[in-house]
Amino acid sequence: MQRILAIQTKRIGDLILTAPALSLLRRLHPNAHITLVTAGVAGQLASCIPGIDDHLNFDPRRLNLSLWGSLLTDSYDVSFDFNGTDRSVGMSLIAGAEIRAAYSKRALKFPRNMIFTHTSSASLKKLHTIDHMIALLETIAIRPGEQRETLRLQVPQATQEQARKTLLDCGLGNNQSFAIIHPGTARSEKYWNASAWASVAEHLILAKKLQVVITGGNDAEESAHIESIKAHLTAKTLPQVIDLSGKISLPITASIIEQSQVVLGVDTAAMHLASAFNKPQLVLFGPTNPYHWRPLHDQAHVLLAGHDKPLLNSDYEFKIPEASMSLISEEQVIDTINNEFNVI
């Protein structure tokens, strides 16, 4: 198996959580040539995923003739479709690898059952997303062994330098401690209360002596939410909050997260970035199940709507009802900061 094609064209978080599967491929096939296909803005993170030899990115605003041409003319031994969308299935078909793997749920009906040679029956409902991605590799006997493959990203040196310059330009000197708050997300129901975020930011500033950096995108709803958070800050604390939302790239965001002391947010891609760097972090869950999406390292803490305390390992269940984010109080978040984070 000399040439491997990995297709992950979903959102940023899905790409990050596919990194352990790619790491496993590299570890077990150190001499293979691995090509990763991504889509949209998520493709910015390809440079941070270790072990990738080539990267192709699908831009939904363009014809992508170069991408389709590369898939058609390059020779692959194996392809893994981590998505099962019409687009990714088309990529698998055009690439024409001898071995083509996908999830059974996406590949059983005609004509897809004629395209894929190997299928995985692994159910996302009963697995963490990282394990679900790795399960696709097991269809051709690529197995991680007893120990779970670790989520790790590696930011290029040039990007790290850009991130340090960005922080310096914002008044954060070398080795100055700061916290990240990433309040935005792609789904409205996952937003937490803006005034509560402001209270948490003020606690970090006044009680923990940390400056606060807000990260995020430039989506209209997300921008309005961040502006609302800042509007609830007092005149004393507002100057200690640096808003970088919509101003920096994903790799620079990743590097700034890596340099922070603690990261707080809802279930979204930035929390997966923090997990990839083993950062102390607190993630708020409500409508989505942390069983599938939670950070897996020891310095991560999860507050689930409807639960008084951060979840223990024994608390995670693969089937839980959706809950409103309003059930998480600012007191719960502040208590968790005080009780669980020795680093701040």
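The values are calculated or read from the model by the stated rules, or taken from the named source; none is laboratory data. These figures come from a predicted structure and were not determined experimentally. Neighbour counts run over all protein chains shown; Cβ positions are idealised from the backbone, glycine included.
Are there any pairs with C-beta distances below 7 angstrom linking a residue in the stretch 302-325 that is in the same structural domain as residue 283 (by TED's automatic domain parsing) and at pLDDT 95 or above to a residue that is loosely packed, with under 14 Cβ neighbours inside 10 Å and hydrophobic (A, V, I, L, M, F, W, C), with the two at least 6 apart or on different chains, and if so which?
305/327; 306/327
State whether one or more residues within the stretch 175-188 are touching a Leu at 6+ places or on another chain (Cβ under 6 Å), assigned to a loop (DSSP other than H, G, I, E, B), in contact (Cβ under 8 Å) with a residue 40 or more places away in the chain and buried (at least 19 other Cβ atoms within 10 Å of the Cβ).
Taking the stretch 175-188 and keeping what is touching a Leu at 6+ places or on another chain (Cβ under 6 Å), we get 177-179, 181.
With the extra rule that they be assigned to a loop (DSSP other than H, G, I, E, B), the set shrinks to 177.
Still in the running and in contact (Cβ under 8 Å) with a residue 40 or more places away in the chain: 177.
Those left that are additionally buried (at least 19 other Cβ atoms within 10 Å of the Cβ): none.
There is no residue in the stretch 175-188 that is touching a Leu at 6+ places or on another chain (Cβ under 6 Å), assigned to a loop (DSSP other than H, G, I, E, B), in contact (Cβ under 8 Å) with a residue 40 or more places away in the chain and buried (at least 19 other Cβ atoms within 10 Å of the Cβ).
Residue check: is residue 288 crowded, with 18+ Cβ neighbours inside 10 Å, of a type in the set (Val, Ile, Thr) and part of a loop (DSSP other than H, G, I, E, B)?
On the way: crowded, with 18+ Cβ neighbours inside 10 Å: yes; of a type in the set (Val, Ile, Thr): yes; part of a loop (DSSP other than H, G, I, E, B): yes.
Answer is yes for this residue.
Step by step: first the residues of the stretch 133-155, then only those that are touching a residue at least 60 places away in the same chain (Cβ under 8 Å) and assigned to a helix (DSSP H, G or I), then the one that is nearest to the chain's Cα centre (by Cα). Which residue is that? Break it down stepwise before answering.
Initially, the stretch 133-155 is screened for residues touching a residue at least 60 places away in the same chain (Cβ under 8 Å), giving 133-134, 136-137, 140, 142, 144, 148-155.
Okay, now just the ones that are also assigned to a helix (DSSP H, G or I), so 133-134, 136-137, 140.
Values: 133: 13, 134: 16, 136: 19, 137: 20, 140: 26 Å.
Across the stretch 133-155, the extreme among qualifying residues is 133.
For the stretch 142-151, check the following and say yes or no: at least one residue is at pLDDT below 95 and small (Gly, Ala, Ser).
yes
Okay, residues lined up against (1) more than 21 Å from residue 331 (Cβ to Cβ); (2) in contact (Cβ under 8 Å) with a residue 40 or more places away in the chain; (3) not acidic (Asp, Glu):
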{"position": "193", "(1), (2), (3)": "no, yes, yes"}
{"position": "198", "(1), (2), (3)": "no, no, yes"}
{"position": "203", "(1), (2), (3)": "no, yes, yes"}
{"position": "208", "(1), (2), (3)": "no, yes, yes"}
{"position": "212", "(1), (2), (3)": "no, no, yes"}
{"position": "227", "(1), (2), (3)": "yes, no, no"}
{"position": "232", "(1), (2), (3)": "no, no, yes"}
{"position": "237", "(1), (2), (3)": "no, no, yes"}
{"position": "240", "(1), (2), (3)": "yes, no, yes"}
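Does any residue of the stretch 259-275 turn out to be within 14 Å of the chain's Cα centre (by Cα), over 25 Å from residue 169 (Cβ atoms), of a type outside the set (A, V, I, L, M, F, W, C) and outside any loop (DSSP other than H, G, I, E, B)?
yes
Going through the stretch 195-246 one residue at a time, which ones are within 25 Å of the chain's Cα centre (by Cα), among the hydrophobic types (A, V, I, L, M, F, W, C), assigned to a helix (DSSP H, G or I) and surrounded by 19 or more Cβ atoms within 10 Å (Cβ to Cβ)?
196, 197, 198, 200, 201, 204, 226, 229
So, of the residues in the stretch 41-74 that are over 18 Å from residue 25 (Cβ atoms) and of a type in the set (Gly, Ala, Ser), which turns out to be nearest to the chain's Cα centre (by Cα)?
42
Name the residues in the stretch 233-250 that are closer than 11 Å to residue 181 by Cα and in contact with a Gly (Cβ under 7 Å, 6 or more places away or on another chain), would you? Walk me through it before giving the result.
First pass over the stretch 233-250, keeping only residues closer than 11 Å to residue 181 by Cα: 241-245.
The answer is 245, and nothing else.
Return only the number of the condition from (1) surrounded by fewer than 13 Cβ atoms within 10 Å (Cβ to Cβ); (2) in contact (Cβ under 8 Å) with a residue 24 or more places away in the chain that residue 53 does not satisfy.
Residue 53 satisfies all of (1) surrounded by fewer than 13 Cβ atoms within 10 Å (Cβ to Cβ); (2) in contact (Cβ under 8 Å) with a residue 24 or more places away in the chain except (2).
Tell me which residues, restricted to the stretch 116-139, are in contact with a strand residue (DSSP E or B) (Cβ under 6 Å, 6 or more places away or on another chain) and either farther than 14 Å from residue 82 by Cα or of a type in the set (A, V, I, L, M) (or both).
If the condition is that a residue be in contact with a strand residue (DSSP E or B) (Cβ under 6 Å, 6 or more places away or on another chain) and either farther than 14 Å from residue 82 by Cα or of a type in the set (A, V, I, L, M) (or both), then 117, 135, 136 are the ones that fit.
If you take the residues of the stretch 5-14 that are among the hydrophobic types (A, V, I, L, M, F, W, C) and under 12 Å from residue 81 (Cα atoms), which of them is surrounded by the most Cβ atoms within 10 Å (Cβ to Cβ)? Talk me through it step by step, then tell me what you get.
Within the stretch 5-14, the subset among the hydrophobic types (A, V, I, L, M, F, W, C) is 5-7, 12.
From what's left, under 12 Å from residue 81 (Cα atoms): 5-7.
Values: 5: 25, 6: 23, 7: 29.
Among residues in the stretch 5-14 that are among the hydrophobic types (A, V, I, L, M, F, W, C) and under 12 Å from residue 81 (Cα atoms), the one surrounded by the most Cβ atoms within 10 Å (Cβ to Cβ) is 7.
Could you tell me how many of the residues in the stretch 143-158 are buried (at least 20 other Cβ atoms within 10 Å of the Cβ) and among the β-branched types (Val, Ile, Thr)?
1
Going through 129, 139 one at a time, which residue ends up being among the polar types (S, T, N, Q) and within 21 Å of residue 40 (Cβ to Cβ)?
Working: 139 fails: within 21 Å of residue 40 (Cβ to Cβ).
Every option except 129 fails the conditions.
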